[in-house]
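The values are calculated or read from the model by the stated rules, or taken from the named source; none is laboratory data. Bear in mind the structure is a predicted one, so any value in this text is a computation, not a measurement. Note: ideal-geometry Cβ built from the backbone for every residue, glycine included; neighbour counts use all protein chains shown.
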Amino acid sequence: MRFDWHNPVKVLFGEGRIADLAAEIPPGVRILVLSGGGSIRTNGVYDQVAAALAGRDWSEFSGIGANPEYAVLMRAVERVRREGFGFLLAVGGGSVLDGTKFVAAAAPFAGEPWDICAVGAPVAAAVPLGAVLTLPATGSEMNGASVVSHAALGEKRHFISPLVLPRFAVLDPATTRSLPARQVGNGIVDAWVHVCEQYLVHRDGTTVQDRQAEALLLALRDLAPRVVADRGDAGALAGMMWAATNALNGLIGVGVAQDWATHMIGHELTALTGMDHARTLAVVLPALLRHRATVKGPRLLQYAERIWDLRDGSPAERIEAAIARTEALFRSVGVPTRLSDHGIGPDIADRIAGRLAGRGGMGEDGGIDAAAVRAILRAAA
């Protein structure tokens, strides 16, 4: 096993930490605050950010929605270029952070900015950015990944660059108290699947990473009912926020193969139907695990025993029981697990298989081709 790992994001964790953010931004720079624009004005976060930035030269750009849209982000890019902002501050959930990362990379980019996502055009420079997280889910506050939608093209693509790692991330669990149940459930599922994409794969000699991933899954399993039942449970909120961050900050995936086929298929579902990202994952993951049960068998048996305490029955029975427990967890937090639950028919399988046919094999071993995608989605109908 060989790997390098470096993550320089400074995390300011705890209630009231928004007040400390100004000290993390270089003096004298123009600051653009990017947000969704809605909830932060009603839950007190906007007022806290404004108070923290008192006396600084700052402006705002709002309207970044779920599945951040290229056309909206390009309006922010033009503002950054035109008005000379030298620092970006994302205030919101993962979509706002992802959108801000794209703006940071696109503003100094010389070519067509969509090429950053569409063809992997290298990011040579980026405007520095920081984050105030209000929705634990994506882990975007502590990684260099971004996912952007392009409605005109019907596409949802991602890019990864260390240049868009946030310089700092403020994680105040109190900001999540007013989240609607749908967003809470989505966040739990998103974090869970992030761990599974790095844990339920071929890997040897990764005892430490295995145990770290299992600790996150056990924490999410135990915290989920508490967070759903009582948004005033400060300890549960703090645990959920930190678990979601650690699910995708790179630590549990160092030195190991990773899957991400569930995400790639899910992105296509979102692009074609508008489904919430996490809800696509809840549909795809169980069907994908059943389809790949032979390949992933040893890992799924470990998952069954260590996460769900399933020790009796044949290997096939334990694997199926573990997948069923996973589906039950998703449904318990209000996230459906079938395409039919979203009013989507099985014909979507052919459309998505066709869209993914030219992108090569997916999964940790490249073993998921268009035919497998078709089978997985038909099984998820």
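Looking at Ser314, is it assigned by TED's automatic domain parsing to the domain that holds Val201, free of Cβ contacts under 8 Å to residues at least 60 places away in the same chain and hydroxyl-bearing (Ser, Thr, Tyr)?
yes
Can you tell me which of Val127, Val147, Val132 is part of a strand (DSSP E or B), out of contact with any Cys (no Cβ under 6 Å at 6 or more places or on another chain), farther than 24 Å from Leu237 by Cα and among the aliphatic types (A, V, I, L, M)?
Val147
If you scan the range 283-301, which residues turn out to be under 14 Å from Glu317 (Cα atoms), touching a residue at least 12 places away in the same chain (Cβ under 8 Å) and part of a helix (DSSP H, G or I)?
Matches in the range 283-301: Leu289, Arg290, Gly297, Leu300, Leu301.
Out of the residues in the range 150-179 meeting the condition of being hydroxyl-bearing (Ser, Thr, Tyr) and modelled with pLDDT under 95, tell me which one is surrounded by the fewest Cβ atoms within 10 Å (Cβ to Cβ).
Only one residue tops the list, namely Ser178.
Consider the range 110-124. How many of its residues are assigned to a loop (DSSP other than H, G, I, E, B) and either surrounded by fewer than 18 Cβ atoms within 10 Å (Cβ to Cβ) or outside the structural domain of Val49 (by TED's automatic domain parsing) (or both)?
Of the residues in that region, 8 qualify.
With respect to the numbered conditions (1) at pLDDT 95 or above; (2) buried (at least 21 other Cβ atoms within 10 Å of the Cβ); (3) among the hydrophobic types (A, V, I, L, M, F, W, C), which one is the sole condition not fulfilled by Ala321?
So Ala321 meets the others, but not (2).
Is it the case that the range 225-238 has a residue that's without any contact (Cβ under 8 Å) to a residue 40 or more places away in the chain, among the aliphatic types (A, V, I, L, M) and closer than 27 Å to Val91 by Cα?
Yes: the range 225-238 contains one or more residues that are without any contact (Cβ under 8 Å) to a residue 40 or more places away in the chain, among the aliphatic types (A, V, I, L, M) and closer than 27 Å to Val91 by Cα.
Considering Met240, Met264, which residue is over 23 Å from Ala375 (Cβ atoms), buried (at least 18 other Cβ atoms within 10 Å of the Cβ), modelled with pLDDT of 95 or more and in the same structural domain as Ala353 (by TED's automatic domain parsing)?
Only one candidate passes the filter, namely Met240.
Just for the range 180-213: of the residues that are part of a loop (DSSP other than H, G, I, E, B) and hydrophobic (A, V, I, L, M, F, W, C), which one is surrounded by the fewest Cβ atoms within 10 Å (Cβ to Cβ)?
Only one residue fits best here, namely Val201.
Please determine, by comparing only the residues of the range 137-149 that are crowded, with 24+ Cβ neighbours inside 10 Å and within 14 Å of Arg167 (Cα to Cα), which one is nearest to the chain's Cα centre (by Cα).
Once the filter is applied, the top-ranked residue is Ser140.
Of all residues being of a type in the set (A, V, I, L, M, F, W, C) and under 14 Å from Gly92 (Cβ atoms) in the range 22-51, which is modelled with the lowest pLDDT? Just the residue, please.
The qualifying residue modelled with the lowest pLDDT is Ile40.
Starting from the range 87-107, take each residue that is under 18 Å from Gly139 (Cβ atoms) and crowded, with 24+ Cβ neighbours inside 10 Å and list its partners that are at pLDDT 95 or above and acidic (Asp, Glu), counting only C-beta distances under 9 angstrom and pairs at least six apart or across chains.
Correct list of pairs: Ala90/Asp98; Ala90/Glu141; Val91/Glu60; Gly94/Glu141; Gly94/Asp190; Leu97/Glu141; Gly99/Glu69.
Among Thr280, Thr326, which is the only one that is among the β-branched types (Val, Ile, Thr), assigned by TED's automatic domain parsing to the domain that holds Ala224, in a helix (DSSP H, G or I) and without any contact (Cβ under 8 Å) to a residue 24 or more places away in the chain?
Residue meeting the stated conditions: Thr280.
Residue check, Leu288 against (1) within 21 Å of Cys117 (Cβ to Cβ); (2) surrounded by 22 or more Cβ atoms within 10 Å (Cβ to Cβ); (3) among the hydrophobic types (A, V, I, L, M, F, W, C); (4) touching a strand residue (DSSP E or B) at 6+ places or on another chain (Cβ under 9 Å), all met but one. Which one?
(1)
For (1) assigned to a strand (DSSP E or B); (2) more than 24 Å from the chain's Cα centre (by Cα), each residue gets a yes or a no:
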site	(1), (2)
His6	no, no
Val11	yes, no
Glu15	no, no
Leu21	no, no
Pro26	no, yes
Val33	yes, no
Ile40	no, no
Val49	no, no
Arg56	no, yes
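Within the range 342-358, which residues are assigned to a helix (DSSP H, G or I) and free of Cβ contacts under 8 Å to residues at least 24 places away in the same chain?
Once the filter is applied, which keeps residues that are assigned to a helix (DSSP H, G or I) and free of Cβ contacts under 8 Å to residues at least 24 places away in the same chain, the range 342-358 yields Gly354, Ala357, Gly358.
Pairs needed: first member in the range 119-130, touching a residue at least 40 places away in the same chain (Cβ under 8 Å); second member anywhere, basic (Lys, Arg) and surrounded by 11 or more Cβ atoms within 10 Å (Cβ to Cβ); C-beta distance under 8 Å; at least 6 residues apart or different chains.
The qualifying pairs are Pro128/Arg167; Leu129/Lys101; Leu129/Arg167; Gly130/Arg167.
Could you please tell me which pairs satisfy a Cβ distance under 7 Å, a separation of 6+ or placement on different chains, a first residue in the range 253-271 that is at positive phi, and a second residue that is in a loop (DSSP other than H, G, I, E, B) and of a type in the set (D, E, K, R)?
What qualifies is Gly255/Arg2.
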